[in-house]
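Working notes, beginning with the structure itself.
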Amino acid sequence: MIYTIERANMITDQLRRFKSGYAHHVVGQFANIDFWLNEVLEAQKTIDQYNSRFNNIRDIQKNWINSHGTKVYDYCPHCGGKCELSNGTPSPPNRISSSDMNETRRNLVNSAYYFLTRCYRMGLLNDDELKQKCDLIGTSIDPNDLKK
């Protein structure tokens, strides 16, 4: 698992707990709502910038390999040394699929949304505050989620 997804999943899991947690726990976390929304925004930014960071890594590694003649031979499980069938060309880094990134981002926003709507139903946020915070994380409000 890569850092970008792992971090977003940790935030998602934490926020998901607030959706169904005890009210006194939710109130305690609401006191830190700006912290949690900043965590969501930073994780979104990290996800959104993944391709750029990946391209930087890939390009710099490729340049290094070419300019330094770097060789990395495959391991041979039979002889315990370098495989004679390997040409020594290092493998490029593995890119995470955009669908995995999109799913991670969607789960992150959804968990934040459900935390916000829980706070709204508990009377911790008014209509305008809920809309402002949902706009901040880039999601709309489903009127069916506002029933107290």
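Every number here is computed from the coordinates shown, using simple stated rules; none is lab data. The structure presented is a predicted model; accordingly, all values stated were derived computationally and were not measured. Note that each Cβ is placed from the backbone with ideal geometry, even for glycine, and that neighbours are counted across all protein chains shown.
Numbers at a glance
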quantity: Relative contact order (%) - the chain, alpha-carbon pairs under 8 angstrom, separation at least six; calculated: 30 percent
quantity: 0 to 90° range, to nearest 10: angle between helix 33-48 axis and the chain longest Cα axis; calculated: 30 degrees
quantity: 10 Å beta-carbon shell around residue 86, net charge (K/R +1, D/E -1); calculated: 0
quantity: Globularity index of segment 1-90, i.e. its alpha-carbon radius of gyration over 2.2 N^0.38 Å; calculated: 1.82
quantity: Distance cut-off 19 Å, percentage of C-alpha pairs in segment 21-148 lying past it; calculated: 64 percent
quantity: Where Cα atoms sit under 26 Å apart: lysine pairs in the chain separated by 8 or more or lying on different chains; calculated: 15
quantity: Per-residue [θ]222 nm for the chain (sum of -39500 (n - 2.57) over DSSP H runs n ≥ 4, rounded to 500); calculated: -21500 deg cm²/dmol
